[in-house]
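One structure below.
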Amino acid sequence: MNAVAGALPAQAVVIAKEPVPGRVKTRLTPPFSPAEAAMLAEAALACTLAAVAATPVSRRVLALEGAAGDWLPPGFDVVRQRGGGLDERLAAAFADAHATAPLPMVLIGMDTPQVTAELLADAAGTLVCGEADAVFGPAADGGFWLLGLRRPDRSLLAGVPMSRPDTGRRQLGRLTEAGLRVAVMPELTDVDSVREAELVARAIPGSAFAAAFSQAAASLVA
């Protein structure tokens, strides 16, 4: 466990894929090439991990499909993803993180490079202080970009249909139906389409993701 003096007694978990061409951000191809889509995925992941690294929590975990690369900063415990569908892999990531460190946790993916340490600290702090049992971050496409739980429970995720316009509504419903007090975070845009990538790049000028998007977009007009 990576204990940090003065940190919140909580953990931040990132669930991600190794940014390999042809295996990540496939909805960006076309117009981008698989290599360009992977470049954007790596930049998004790097920005996400940097935000998590700056978040004052006592443990940071990367639930990874694939192998870690030089994009991984120090201070993360890496665990392998388990399960079939995304609902199962999310539930397993919560369970595996909690088995090593039974602390409240917030989990995000690699699709919101505009996420900040302040947002993540607010989510973790809400759980730590007991204001809520769960924290939910809605995404503009109808999904969700963050889920935080004081205690993992497979039944809160198993069977929730993922990657659909009603995924967020169904996931939030699952939490409230279980009787949990849920705090809702600001809505963020997931990067799944070229338009979404452009919007996010504009929102974080000077970032690694904005630079990667500019490079990929330049190839379309070259």
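Coordinate-derived values only; no laboratory data. All of these numbers come straight from a predicted model, not from anything done at the bench. Note that we place each Cβ from the backbone using ideal geometry, even for glycine, and neighbour counts take in every protein chain shown.
Below is a table of values for the structure above.
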{"item": "Mean separation of Cα contacts under 8 Å, 6 or more apart, over the residue count of the range 1-102: relative contact order %", "result": "33"}
{"item": "Distance between modelled label sites at residue 166 and residue 80, nm, 7 Å Cα→Cβ extension", "result": "3.6"}
{"item": "The range 110-153-the range 200-214 distance, computed between alpha-carbon centres (Å)", "result": "23"}
{"item": "Label point 7 Å beyond Cα of residue 95 along Cβ direction - residues of the range 48-82 with amide nitrogen under 12 Å", "result": "82"}
{"item": "Chain lengthening between residue 199 and residue 182 when straightened (0.36 nm per residue, less Cα-Cα)", "result": "3.3 nm"}
